[in-house]
Every structure is written in structure tokens, then in C-alpha cells.
Amino acid sequence: MVTFLFKTEPTTFAFADLVRDGGCTWDGVSNALALIHLRTAKTGDTVVIYHSGKDKAAFGIARVTRGAYPDPKLDDPKRVVLDVAPVRAFARPVPLALIKADAALQTMELVRNSRLSVMPITAAHLARLAKLGGRTA
């Protein structure tokens, strides 16, 4: 299984909203590189949900429940969406400052390119984020 980090603006849709709703269609991705990553996501893949904006922290883990498919709201074959469901929240958010300061996370794309909204991460990154968040991967 592959692991990803998906960024969301919490004022639009937060991890708590995902938990409340029991799942969602992940849409609104328009960056070409982010769409390439989104297209590779398969059912069962793990996703770390990260809040951008003022929060700037990882909040929990979700799972892809349906891999990438054409966005039904748009008439653009390049734009895709997928479905995700919550798995568990971290006991405490993992802020970007801590991620940047942690030697084990220095190779994360988030550290190098914090504007990208969908990015793959390694199993080691997932394990470290989960540990910092007070959970196990």
C-alpha cells in the first residue's frame, strides 16, 4: 500500500468534518503534480490529513475507499477525485514546525514543497508522524 499526505483548508473541510461525515469525496485538486499523485491512489491506501492555513498540522489518518475517478462536477478529464474515510485522529496534532525540526521527516515533500496539496510519503514518515501524534501507524 502507498501512503499519501492530503492537505485541506480546515475552514473549508477539516479532519473533524471527515470524522463527522464518515467519509467524503476528495475534490478541488487542480495542481498538475498533485493530480498526478492523486491519480495513483488506490483503494486501501493510507492518507495523512494535514490542515493548511493557520493550523499547519497533521491531524489524523484516513483510508482511500475508492481510487481516482473523473470529477463528476467538472467536464475536464484531467481533473479527478477519490473517496476517503477516516481511520483515526492523532491524539495531538503534529505541527509543521515539529515536522520541519524532526530529522526523520526532513525528506518529506511537505518540508521541501509545502504548497503541494497531495504528495506521497514513505511508511517511515507515516510511522514517525503517528508516533509524534500519539498513535501507531
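The values are calculated or read from the model by the stated rules, or taken from the named source; none is laboratory data. It should be emphasised that the depicted structure is a prediction, and the values quoted were computed from it without experimental measurement. When we count neighbours, we look across all protein chains shown, and the Cβ atoms used for this are built from the backbone with ideal geometry, even at glycine.
What are the residues in the stretch 36-70 that are farther than 20 Å from V19 by Cα, at pLDDT 95 or above and surrounded by fewer than 18 Cβ atoms within 10 Å (Cβ to Cβ), if any?
Listed by number, the residues that qualify are I36, R39, T40, K42, Y69, P70.
Does the stretch 128-137 contain at least one residue that is closer than 22 Å to L38 by Cβ, modelled with pLDDT under 95 and more than 13 Å from the chain's Cα centre (by Cα)?
yes
Keeping to the stretch 85-137, report how many residues are hydroxyl-bearing (S, T, Y) and touching a residue at least 40 places away in the same chain (Cβ under 8 Å).
Number satisfying all stated conditions: 2.
Give the residue that is modelled with the lowest pLDDT, with candidates limited to residues of the stretch 1-33 that are assigned to a loop (DSSP other than H, G, I, E, B) and within 22 Å of A124 (Cα to Cα).
This residue is M1.
Conditions: (1) more than 23 Å from K42 (Cβ to Cβ); (2) among the β-branched types (V, I, T); (3) surrounded by fewer than 20 Cβ atoms within 10 Å (Cβ to Cβ). T122 meets all but one. Number of the miss?
That leaves (1) as the condition not met.
Among the residues of the stretch 11-29, write down those that are surrounded by 13 or more Cβ atoms within 10 Å (Cβ to Cβ) and not aromatic (F, W, Y).
Residues satisfying the conditions are A14, A16, D17, L18, V19, G23, C24, T25, D27, G28, V29.
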